[in-house]
Amino acid sequence: MSDWGLPENVARVGAVMIDCHDPEALASFWGEITGSEPEFVYPDYVFMTKLPMNHIRLAFQRVPEDKTVKNRLHLDLGHPDPEAFASHVESLGGAIVARHELDGHGWIVLSDPAGNEFCVTKPHVE
C-alpha cells in the first residue's frame, strides 16, 4: 500500500489540466464557478486550490493552438438550480451549448470563455 492507502500501482487524480490561450483569465472564470482560487502561478501555468470537498484541482496551461473540436473529456458539475447556474456562467462570459434530458433527468451543456464544454445538473447525491 502507498502512503495514501492505495495499492502501489494505483494513482490518484491530482489535477485536471485545461489547455487555453490565457491561463489567468480562464482560472478566474473557473474560480468564480467552483469556489477555488489560484494557488500556484508559473509562467504559462495556473494551478488552483483543491475543489471544495475534493482532492482534485483544476489547472490551466497556455497552448498556442485553438480549440477546434468537441472535448473528449469534460467536467460534470452539480448545482441545486442548474438554470440559475447556467445564467451565472453566461454572465461570466461562458455560453449555453445545449440542453438534454434522459429518463426524466436533465442537464445543460455549457462552455467556458475558451470554448471548453462542461455540464451542470442537479446533484445525484447530496
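Taken together, the values in this text are just the output of simple stated rules run on the coordinates, not laboratory data. Here the structure is a predicted model, which is why all the values come from computation and not from measurement. Backbone-built Cβ (ideal geometry, glycine too); neighbour counts: all protein chains shown.
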Note on region 1-64, DSSP bridge orientation, antiparallel percent to nearest 5 equals 55 percent
In whole angstrom, the spacing between the Cα centers of region 64-126 and region 1-45 equals 19 Å
A correct Karplus calculation of ³J(HN,Hα) over region 47-56, with 6.51 cos²θ - 1.76 cosθ + 1.60, θ = phi - 60°, whole Hz and x for Gly and Pro, returns 10, 7, 5, 4, 5, x, 6, 8, 9, 8
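I need the calculated FRET efficiency for the pair Glu65 and Glu32, taking r as the beta carbon distance and R₀ as 35 Å, to the nearest 0.05.
After rounding to 0.05, the efficiency reads 0.85.
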Length-normalised contact order of the chain, Cα under 8 Å, at least 6 apart, in percent, tallies to 21 percent
Once the in-chain neighbours fewer than 8 apart are removed, the aspartates and glutamates whose Cα is under 17 Å from Lys122 read Asp76, Asp81, Glu83, Glu101, Asp103
So, relative contact order of region 54-126 in percent, Cα under 8 Å, 6 or more apart, is 34 percent
